[in-house]
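Below is one structure, written out as structure tokens; the observations come after it.
The values are calculated or read from the model by the stated rules, or taken from the named source; none is laboratory data. Bear in mind that the values here come from a model prediction, so they are computed numbers and not experimental data. Here Cβ is always computed from backbone atoms with ideal geometry, including for glycine, and neighbour counts include all displayed protein chains.
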Amino acid sequence: MQKIIKLFKAIWLLLKRPALFNLILKDEEVLRNEFEKVFPALKLQELDPFAWTEAQELNIAPYAFLSGSSMVTDFAFLQMLCRKYKVETYLEIGTWRGESAANVAPFVKEVFSLNLPDSTLRSMGQSPNYIDSHRFFSKDIKNITHLFGDSATFDWQPYAHKCDLVFIDGDHATEAVLRDTQTALGLRKSSDSILVWHDAKQDAEYPRYEVLLGIFKALPAHMHSNIYLVKHALCAVYLPDALIGQAIDLNALPKRAFELRLTQKEV
């Protein structure tokens, strides 16, 4: 009887507030079931880049330890990719404070970073501090070019077939990830170019199916086997060469730990 009462209460709440349907549809369990229905034979695999030689003596700077940022290991992963694959042209969708662009800039020839214009952010009612935070760490770095626009309507033609690595960190809704991934396919310099998606995991272990659905729907099936979740980070990556991935082992005992030495710098 108690379950029936709860069911009627839930239905009543949904009728009063239809927007709650969106929360149900975005529930990770719902999205996981959808992912497994769309890709029934697909097994997610994980890559451990911290076993690479490029993982030794990494220096992550700047890093503000503020909300909305990446993990330290995400920036480390981007640096390792740029070094290992000799990336020259790096492009990212989603700038925020500019930490990712600033962290890869020393290792590449040129960086392009797209974000909404300040005027658009103001029209959305964003606070002055929020707007001023954009590009905070990247605005004065010489090899970084800041682009302004919505990734859905931006004119990507000048950057078509020019990028060695595209980092997708914009809107994380499935439809937006699908669209930005399809855009990124046209930005690749060649079939050897790399694609990276941020927030493809809920945390350093658990997949985020809202993003993964967009990734796998956007890419042709022959590319699926080269998509990896990144161990110790929030990223997923498409690599041109097939590496040895591992099945995801949730809550496994740690096999390594990291030592961090913090040095403060005034900005």
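Values as computed for the structure displayed
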read-out	value
Pair list, Cβ < 9 Å and 6+ apart or interchain, from the range 244-267 residues that are closer than 14 Å to D48 by Cα and modelled with pLDDT under 90 to residues that are among the small types (G, A, S) and surrounded by 10 or more Cβ atoms within 10 Å (Cβ to Cβ)	G245/S225
Residues satisfying the stated conditions in the range 103-113, i.e. out of contact with any helix residue (DSSP H, G or I) (no Cβ under 9 Å at 6 or more places or on another chain) and either outside any loop (DSSP other than H, G, I, E, B) or in contact (Cβ under 8 Å) with a residue 60 or more places away in the chain (or both)	A105, E110
Subset of the range 217-237 [within 14 Å of the chain's Cα centre (by Cα) and over 20 Å from A55 (Cβ atoms)]	I227
Complete set of residues in the range 215-267 that are touching a strand residue (DSSP E or B) at 6+ places or on another chain (Cβ under 8 Å) and surrounded by fewer than 10 Cβ atoms within 10 Å (Cβ to Cβ)	A247
Residues (buried (at least 22 other Cβ atoms within 10 Å of the Cβ) and farther than 21 Å from A160 by Cα) located in the range 100-124	S100, A102, N103
Failed condition for D74, given (1) touching a Phe, Trp or Tyr at 6+ places or on another chain (Cβ under 6 Å); (2) under 16 Å from C235 (Cβ atoms); (3) among the charged types (D, E, K, R)	(1)
Restricting the range 125-177 to residues that are touching a residue at least 24 places away in the same chain (Cβ under 8 Å) and in a helix (DSSP H, G or I), the residue that is surrounded by the fewest Cβ atoms within 10 Å (Cβ to Cβ)	E175
